[in-house]
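These notes are about the structure you will find just below.
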Amino acid sequence: MKVLDITHFYNKKSGGVKRYLEEKVRYLSDKNINHLLILPSEEDKTQKKLNSKYYFIKSPEIPFFKPYRFILNKKKVIEVLNTEKPDIVEVGSPYLIPSWINKNKEKFGYKTIGFFHSNIEGSISSIFKSFDKIFSPPAKKWIKREYGSFDLVVSPSKYVENYLNDIGINNTATIYLGIDSSTFL
């Protein structure tokens with residue numbers, strides 16, 4: 001089985017998403033699963049770590065959210081999908097990537113999971129504080145369009161799952177984020 005993760009929210013200094021993916025790499029290292037990652041970077045390159053293969057795609061920085069980067073090279077993403085032929089693709093980003101992955105799932109025959117951990121509506125509200133009522137409806141529409149076609153949408157809390165259900169995304173499951181019990185007793 002091949003599992004592929006793709007996200008914009010990864011860089012050398014990032015926190016939660018990077019940690020989640022690195023823990024997944026570690027966890028899958030002794031399983032009979034080929035793990036692939038497509039991640040943004042300053043340059044195109046591939047790298048192996050344990051049982052995982054990283055595809056870094058040259059990507060520009062995201063305005064207001066440096067040092068995160070936008071994966072804009074759809075052609076390279078499709079090339080990786082065509083080369084690797086994953087069975088499951090997990091998307092950890094609400095921008096562009098969900099559409100690309102969902103539009104190609106029948107062609108390549110994989111199942112899709114959207115991990116909804118980034119609140120677009122909240123992010124827009126924090127940038128444009130006095131325009132909440134203007135930006136909130138289009139943000140919800142965007143989320144429904146981008147996440148509505150996933151085979152499953154995973155949320156890190158019941159609060160987020162209820163939010164998704166309220167905007168019409170019902171193929172959801174909550175998977176609580178874990179803790180390292182050897183560090184936090």
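None of the figures in this text is laboratory data; all of them are computed from the coordinates on show. The structure presented is a predicted model; accordingly, all values stated were derived computationally and were not measured. Methodologically, a virtual Cβ is constructed for each residue, glycine included, from the backbone with ideal geometry; neighbour enumeration extends over all protein chains shown.
Using 0.36 nm per residue of separation minus the Cα-Cα distance, give me the extension gain between residue 66 and residue 96 in nm, one decimal. Write out the running numbers ahead of the final one.
Details: separation 30, 0.36 × 30 = 10.80 nm, distance 1.79 nm.
That works out to 9.0 nm of additional length.
As a footprinting exposure proxy, order 41, 59 by other Cβ within 10 Å, with the fewest listed first.
Numbers: 41 18, 59 21.
Fewest-to-most Cβ neighbours within 10 Å comes out as 41, 59.
In nm, give the distance between the simple-model label positions of residue 13 and residue 82, each being 7 Å from the Cα along the Cα-to-Cβ direction.
Calculated label separation equals 3.7 nm.
Write down the percent of antiparallel bridges among all DSSP beta bridges whose residues are both part of the chain, to the nearest 5. Walk me through the numbers on the way to the answer.
Numbers: 6 of 32 bridges.
Approximately 20 percent, going by the DSSP bridge assignments.
Most exposed first by the Cβ proxy, i.e. fewest other Cβ within 10 Å, how do 87, 5 rank?
Neighbour counts put them in this order, fewest first: 87, 5.
If I stretch the segment between residue 166 and residue 182 completely, what's the gain in nm (0.36 nm per residue apart, minus their alpha carbon distance), one decimal?
Values: separation 16, 0.36 × 16 = 5.76 nm, distance 3.71 nm.
Gain in length upon complete extension: 2.1 nm.
Distances longer than 20 Å among the Cα atoms of the stretch 2-174: what percent of all pairs is that?
53
Given Cβ point charges of +1 (Lys, Arg) and -1 (Asp, Glu) and nothing else, what value in debye, to the nearest 20, does the dipole of the chain about its Cα centre take? Don't jump to the answer; show the numbers that get you there.
Working: 30 positive and 20 negative charges, 81 e Å.
Its charge dipole is roughly 380 debye.
Output the 0 to 90 degree angle, nearest 10, between the alpha-carbon long axis of helix 16-28 and the longest principal axis computed from the alpha carbons of the chain.
30
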